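Scroll down for the structure; my scribbles are underneath it.
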Amino acid sequence: MTINLKHILIATTALAVVAAPAYANHHEADETAEAEAQTEDQRLSAFFDELFQRNLANSPLFQSQIGMKGERYGEWDDFSDAEVVRQHEETISDLARLRADFDYDALSEQSQVSYRIFEFLQERAINDHEYRFHGYAFSTMNNPMTFPVTFLQNVHRVDDVSDAEAYISRLNGLTVAGQQLMEGIDIAAERGIVPTSFSFDPVIADARNLLTGAPFDDSGEDSAILADFRGKVDALEIDQAEKDRLIGEATAALETAFAPTINNFVARVEDLRNDSVGPNGVWALPGGKQYYENRVEFWTSEKGMTAKQIHKTGLDDVKRIRGEMEAIMATVGFDGTLPEFFDFLRTDPSNFFPDTEEGKQAYLDQSKAYIDSIYADVDQYFNILPQAPLEVRAVEAWREETAPIAFYNRPTPDGSRPGIYYVNLKDMTTKQKHEMETIAYHEGAPGHHFQIAIQQELTGVPMFQKFAFFGAYTEGWGLYSERLAKEEGRFADPMQDFGRLQNEMLRAARLVVDTGVHSKKWTREKAIKFMLDNNPMTEEDATKEIERYIDLPGQALSYKIGMIKILDLRDKAKAELGDDFDIRDFHDAVLKNGAVALPILEELVDGYIAAKKAEAA
């Protein structure tokens, strides 16, 4: 089932209200104005706290994700459309309250930033509501049956017997949650929205994989979910009889709630095959053109950016990067064309680790070494570092079919779960050595881990701000981090630098193919060919990428659009500040408020430039 935590996570348990005096002596009017600003800040803080606590109470999943245990630890969220509609009405009301009850001009600068972020999130959620069924109920990127297992495995902690009982309660609760999921699938199908044809087989395969092992067959090995539960219970310091009771109750829940939910889902998916939209972009859906415009705005956070404009930007960038690739090809002495070099990289045995357990471990070890190297001179580029640790892990075998190639899993704010860079090692013949360095920087450090962990560790901001999400900012930072690592002196090996360009080319090509399949009605095959013509990725990876873009319209735009904005703002700061420019301070300006919409980021950087100029005056 798709997580519906709420379109936004609202507010704060504490908002620092500090306004340092500009002069030793104040006029009485200045003191009065400052006091009024603090009062307005406190009122806004209380408002944000009220909404955050309300939404937190409504989401057992989010409570668990941030490390909380409470009365609802054994529950799932309400995934029904009735609940989505209720939350939508709350969102409209919350935005109206914000605008009616608070004087923006009376707020401190920090509170004004929080106000703007909250306002932007609310407006976006309201605009997205009418398209809530256009987001496919299942896809190559979203398997609602594997989600409960990954959640229980990675998020649900078992520290005592009551936690284990809550785990069992969640297994039993899948009956209702599954029914709510089916309701959503049916409503979408009635509206003519059925997932892409290529999603069916991998989604079904991963769902059926969950029913492999005890208690579902006689293989003699535990299923993934039972193995997780058994391992957590065995780690408890309780007597064996109590462990046996818990494992017995979990087994019963798996047989009576978990397995029927999986089987019902598989049957419903099979029933929908003939109604699929096919392998096409969202132009083929009812209201597809308007939906794609909505997705472009959602993922870029920029208003008025058109698919035609983005497509041209992508084509121009592809041309530039090809030129830089050809220069490296000449440096390493390859005698041939760029397409021939691509083929060489796809087939050269030395470009891959062995497709064995040892090869997979070598990939993980090398990725960790790249990330560790970032910390050697990190203080030259950052004033603030994340406190949360970072781990590198392989994607679990049972979800390899629908898991992305690589991704980051955020830590818990309380430190009970680290940040995790996951890499899908299903087939090592698709994991080229020369691109692994840049992926490690993007998903790990200084990429997603720095940005997301630092965001969660912010102080003096509303709680919602620690979890706010803007795709172009988050993925733009990840891609910017690859460029930053190059500027720091990484990629000394020209082939690893080629891998960096290969990954930048991937993001540039995404601008072309995403707009191509959803706006220009490109076929899946045409999009795959464009990727292979401009990138040495394997055909399997190119296919997986294109299917991801078709299933998740607009998301692929966020990387390049965000990176371009960050680089443009950095160039602006350098030009205006000259010798007073310090990259550490620039990174503070970008990171210190967490994820923001790109128009707000521009305002923040402009404020940083103005403040630095004032200091130098």
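The values are calculated or read from the model by the stated rules, or taken from the named source; none is laboratory data. Quantities reported herein were computed from a predicted structural model and do not represent experimental measurements. Don't worry about glycine lacking a Cβ; one is built from the backbone with ideal geometry, like all the others, and counts go over all protein chains shown.
Checking the structure you have, find out if any residue of the range 560-574 is at pLDDT 95 or above, in contact with a Phe, Trp or Tyr (Cβ under 7 Å, 6 or more places away or on another chain), over 19 Å from Thr515 (Cα atoms) and among the small types (Gly, Ala, Ser).
yes
If you scan the range 215-256, which residues turn out to be outside any loop (DSSP other than H, G, I, E, B) and either in contact with a Pro (Cβ under 8 Å, 6 or more places away or on another chain) or β-branched (Val, Ile, Thr) (or both)?
Across the range 215-256, the qualifying residues are Ile225, Leu226, Val233, Ile247, Thr251, Leu254, Glu255, Thr256.
Given the criteria farther than 30 Å from Phe133 by Cα, surrounded by fewer than 14 Cβ atoms within 10 Å (Cβ to Cβ) and under 29 Å from the mean Cα position of the chain (by Cα), does Gly248 qualify?
Details: farther than 30 Å from Phe133 by Cα: yes; surrounded by fewer than 14 Cβ atoms within 10 Å (Cβ to Cβ): yes; under 29 Å from the mean Cα position of the chain (by Cα): no.
Against the criterion (farther than 30 Å from Phe133 by Cα, surrounded by fewer than 14 Cβ atoms within 10 Å (Cβ to Cβ) and under 29 Å from the mean Cα position of the chain (by Cα)), Gly248 does not qualify.
Under 9 Å by Cβ, and 6 or more places apart or on different chains, what pairs join a residue from the range 443-465 that is of a type in the set (Asp, Glu) with one that is part of a helix (DSSP H, G or I) and surrounded by 24 or more Cβ atoms within 10 Å (Cβ to Cβ)?
Once the first residue is of a type in the set (Asp, Glu) and sits in the range 443-465, its partners that are part of a helix (DSSP H, G or I) and surrounded by 24 or more Cβ atoms within 10 Å (Cβ to Cβ) give Glu443/His449; Glu443/Gly478.
If I filter the range 597-610 for residues that are touching a residue at least 60 places away in the same chain (Cβ under 8 Å) and among the hydroxyl-bearing types (Ser, Thr, Tyr), do I get at least one hit?
No, because not a single residue in the range 597-610 is touching a residue at least 60 places away in the same chain (Cβ under 8 Å) and among the hydroxyl-bearing types (Ser, Thr, Tyr).
Condition check ((1) surrounded by fewer than 23 Cβ atoms within 10 Å (Cβ to Cβ); (2) within 19 Å of the chain's Cα centre (by Cα); (3) assigned by TED's automatic domain parsing to the domain that holds Gln361) across all residues:
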| site | (1), (2), (3) |
| --- | --- |
| Gly419 | no, yes, yes |
| Asn424 | yes, yes, yes |
| Thr430 | yes, no, yes |
| Lys433 | yes, no, yes |
| Glu437 | no, no, yes |
| His442 | no, yes, yes |
| Pro446 | no, yes, yes |
| Phe450 | no, yes, yes |
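Considering only the range 532-540, I want to know if a residue exists there that is in contact with a Ser or Thr (Cβ under 8 Å, 6 or more places away or on another chain) and modelled with pLDDT of 95 or more.
No, the range 532-540 contains no residue that is in contact with a Ser or Thr (Cβ under 8 Å, 6 or more places away or on another chain) and modelled with pLDDT of 95 or more.
Of (1) part of a helix (DSSP H, G or I); (2) under 30 Å from Pro144 (Cβ atoms); (3) of a type outside the set (A, V, I, L, M), Pro286 satisfies all except one. Which?
(1)
Could you check the range 44-136 for helices (runs of 4 or more DSSP H) lying wholly inside it with 3 or more residues that are closer than 29 Å to Glu602 by Cβ?
Correct list: 81-101, 109-128.
For residues in the range 364-396 being of a type outside the set (Asp, Glu) and free of Cβ contacts under 8 Å to residues at least 12 places away in the same chain, which is surrounded by the most Cβ atoms within 10 Å (Cβ to Cβ)? Please lay out each step first, then the result.
The first filter runs over the range 364-396 and keeps only residues of a type outside the set (Asp, Glu), leaving 364, 366-371, 373-376, 378, 380-390, 392-395.
From the residues that got through so far, the ones that are free of Cβ contacts under 8 Å to residues at least 12 places away in the same chain too are 369, 376.
Details: Ala369: 12, Ala376: 9.
Applying the filter and picking the extreme gives Ala369.
Could you tell me how many of the residues in the range 140-169 are over 11 Å from Ile225 (Cβ atoms), part of a helix (DSSP H, G or I) and either in contact with a Pro (Cβ under 9 Å, 6 or more places away or on another chain) or aliphatic (A, V, I, L, M) (or both)?
Selection size over the range 140-169: 4.
Of all residues in the range 259-290 being buried (at least 23 other Cβ atoms within 10 Å of the Cβ) and in contact with a Pro (Cβ under 8 Å, 6 or more places away or on another chain), which is farthest from Ala177 (Cα to Cα)?
This residue is Gly281.
So, Thr306, is that one closer than 24 Å to Ser519 by Cα and β-branched (Val, Ile, Thr) or not?
Numbers: closer than 24 Å to Ser519 by Cα: yes; β-branched (Val, Ile, Thr): yes.
Taking the combined requirement at face value, the residue satisfies it.
Search the range 59-85 for residues being charged (D, E, K, R) and either surrounded by 13 or more Cβ atoms within 10 Å (Cβ to Cβ) or under 22 Å from the mean Cα position of the chain (by Cα) (or both), and hand back the single one that is farthest from Ala177 (Cα to Cα).
Step by step, filter the range 59-85, then rank; the result is Lys69.
Residue-wise test of (1) surrounded by 19 or more Cβ atoms within 10 Å (Cβ to Cβ); (2) in contact with a helix residue (DSSP H, G or I) (Cβ under 9 Å, 6 or more places away or on another chain); (3) over 30 Å from Glu190 (Cβ atoms).
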| residue | (1), (2), (3) |
| --- | --- |
| Ile92 | no, yes, no |
| Leu98 | no, yes, yes |
| Asp103 | no, yes, yes |
| Ser108 | yes, yes, yes |
| Ser111 | yes, yes, yes |
| Ser114 | yes, yes, yes |
| Phe133 | yes, yes, no |
| Tyr136 | yes, yes, no |
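Take the range 517-540 and flag every residue that is surrounded by fewer than 21 Cβ atoms within 10 Å (Cβ to Cβ), at negative phi and charged (D, E, K, R).
Scanning the range 517-540 gives Lys520, Glu525, Lys526, Lys529, Asp533, Glu539, Glu540.
Restricting to the range 191-212, and then to whatever is of a type in the set (Ser, Thr, Tyr) and either over 22 Å from Leu152 (Cα atoms) or assigned by TED's automatic domain parsing to the domain that holds Asp551 (or both), can you tell me which residue is surrounded by the fewest Cβ atoms within 10 Å (Cβ to Cβ)?
By that ranking, first place goes to Ser197.
Filter the range 77-108 down to the residues that are farther than 22 Å from His129 by Cβ and either hydrophobic (A, V, I, L, M, F, W, C) or touching a residue at least 40 places away in the same chain (Cβ under 8 Å) (or both) and list them by number.
Asp101, Phe102, Asp103, Ala106, Leu107, Ser108
Being crowded, with 18+ Cβ neighbours inside 10 Å and farther than 19 Å from Asn274 by Cβ is the filter here; which residues of the range 174-190 pass it?
Correct list: Leu174, Ala177, Gly178, Gln180, Leu181, Gly184.
Of all residues being touching a Ser or Thr at 6+ places or on another chain (Cβ under 9 Å) and surrounded by 14 or more Cβ atoms within 10 Å (Cβ to Cβ) in the range 213-228, which is nearest to Ile247 (Cα to Cα)? Just the residue, please.
Taking the candidates together, the pick is Leu226.
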